[in-house]
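> One structure coming up, written as structure tokens, with questions to follow.
The numbers here are math on the coordinates, done by the rules we state, and not lab data. Small disclaimer: the values here were computed from a predicted structure and weren't measured. Here Cβ is always computed from backbone atoms with ideal geometry, including for glycine, and neighbour counts include all displayed protein chains.
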Amino acid sequence: MNFNLPYIPERPHKPRNHGLTMVMDKGLSLREAESMVESGSEFIDFVKFGFGTALITNKLEEKINLYKKARIRPYFGGTLFEIFIIRGMFDEYCKFIDKYKLDLAEVSDGSMVMDNDVKCEYISKLSKRVTVISEVGSKNADVHIPDEVWVESMSKELQAGSWKVIAEARESGNIGIYNSNNSANTKLINDIVHGVRIENVIWEAPIKSQQAWFINLLGANVNLGNIAPNEIISLETLRMGLRGDTFLQFLPKELKEGQ
């Protein structure tokens with residue numbers, strides 16, 4: 001910080017196990033990636049190359065090395081995993097990860113139908129090679145997943161070898177753990193909170209109101225994902241009570257009552 005203020009919540013230093021921020025790279029140029037790293041690398045834990053962008057993005061290896069040098073863990077999005085799997089190319093997917101020396105992989109089934117036991121088998125296999133993050137939830141708004149299935153799937157995938165599980169929302173933030181108007185699906189979220197250890201869940205929260213909602217609910221060190229590159233500093237101010245949406249959250253009672 002540029003000034004030492006009191007009543008600022010403590011944030012763990014990297015490498016963190018909680019209070020994680022995952023940023024979405026949907027096709028940044030190398031120069032844009034360099035600017036992002038310069039402005040906010042200390043606040044970024046992971047960069048996800050969204051959906052299938054890793055197959056066509058320019059200077060992929062250079063960007064991966066840039067992120068690694070900044071102590072940011074890059075990885076390919078779960079949709080890319082599904083792109084390989086639906087074609088029966090799991091071994092080729094593993095070779096693609098190895099080619100770029102990645103130590104993190106995402107397993108999802110948001111775009112294709114996959115039995116959860118099969119998904120857990122992939123998680124188990126991959127976890128012997130790299131750290132695995134799995135994602136629960138469909139990218140299709142017409143697919144309804146009962147709350148108890150969300151909780152059961154997350155629990156099974158953690159047992160199968162996932163380090164963290166992602167709660168699906170897409171980059172639009174209007175499905176899965178959110179309603180179509182971007183508001184929180186509070187019943188589902190409460191069920192997950194009571195059924196899964198919070199430090200093991202990464203909540204996709206691409207919109208400021210969603211980020212603030214989770215911080216107010218679960219504290220400064222909630223794990224948040226699908227953050228836009230230009231929202232990294234803004235999110236950190238929310239985490240630290242330096243923005244109107246969380247202004248009073250971390251102040252002592254006597255200061256709040258003096259308002």
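> Under 5 Å between amide hydrogens, which residues at least 5 positions from ILE166 or on another chain qualify, with H placed 1.01 Å from N in the peptide plane?
Under 5 Å from the amide H of ILE166 lie the amide H atoms of SER134, GLU135, VAL136, ILE202, each far enough along the sequence or on another chain.
> Still on this model: Once every DSSP H run of n ≥ 4 in the chain is given -39500 (n - 2.57) and the sum is divided by its residues, what mean residue ellipticity at 222 nm do you get, rounded to the nearest 500 deg cm²/dmol?
The per-residue figure over the chain is -11000 deg cm²/dmol.
> Same structure again: Per 0.36 nm of contour for each residue apart, how much would the distance between ILE56 and THR237 grow if the chain were fully extended, relative to their Cα-Cα spacing?
61.8 nm
> Now for a separate question. Just to confirm a number: summing +1 for Lys and Arg and -1 for Asp and Glu over residues other than ASP245 whose beta-carbon lies under 12 angstrom from that of ASP245, what do you get?
Net charge in that neighbourhood comes out at +3.
> Also, I was wondering about something else. Charges on Cβ only, +1 for Lys and Arg, -1 for Asp and Glu, centred on the Cα centroid of the chain; of SER153, ILE85, GLY176, which one is farthest towards the dipole's positive end?
Final value for the positive-end residue is ILE85.
> May I ask which residue of SER124, ILE232, ILE215 lies farthest towards the positive end of the charge dipole of the range 21-257, with charges of +1 (Lys, Arg) and -1 (Asp, Glu) on Cβ and the Cα centre as origin?
ILE232
> Could I ask something else about it? Of the cross-linked pairs LYS99/LYS164; LYS26/LYS139; LYS48/LYS125; LYS125/LYS208; LYS48/LYS69, which ones have a Cα-Cα span greater than 26 Å in the structure shown?
LYS125/LYS208
> Also: Once the other residues with Cβ under 12 Å from the Cβ of ASP91 are scored (Lys, Arg +1; Asp, Glu -1), what is the net sum?
+2
> Another one. Convert each backbone phi in the range 74-83 into a coupling constant with the Karplus relation 6.51 cos²θ - 1.76 cosθ + 1.60 (shift: θ = phi - 60°), then list the ³J(HN,Hα) values in order as whole Hz, x for Gly and Pro.
Each residue's phi maps through the Karplus curve to give x, 7, 8, x, x, 4, 5, 3, 5, 4 Hz.
> Place a point 7 Å from Cα of GLU92 in the direction of its Cβ. Which residues in the range 43-67 have their backbone N less than 19 Å from it?
In the range 43-67, the label zone of GLU92 (backbone N under 19 Å from the point 7 Å along Cα→Cβ) covers 51-57.
> What is the projected area of the convex hull of the Cα atoms of the chain, averaged over all directions, in nm²?
Dividing the Cα hull surface by four gives the mean projection, 14.2 nm².
> So how strong a dipole does the range 21-257 carry about its Cα centre when Lys and Arg Cβ are +1 and Asp and Glu Cβ are -1, to the nearest 20 debye? Let's see the in-between values first.
On the way: 28 positive and 34 negative charges, 117 e Å.
Using Cβ point charges on Lys, Arg, Asp and Glu, the range 21-257 gives about 560 debye.
> Determine which residues of the range 64-84 fall in the zone a paramagnetic label at LYS14 would reach in this model, i.e. backbone nitrogen under 20 Å from the point 7 Å along Cα→Cβ.
64-77
> Which order do peptides 40-50, 12-22, 147-157 fall in by mean Cβ count within 10 Å, highest first?
40-50, 147-157, 12-22
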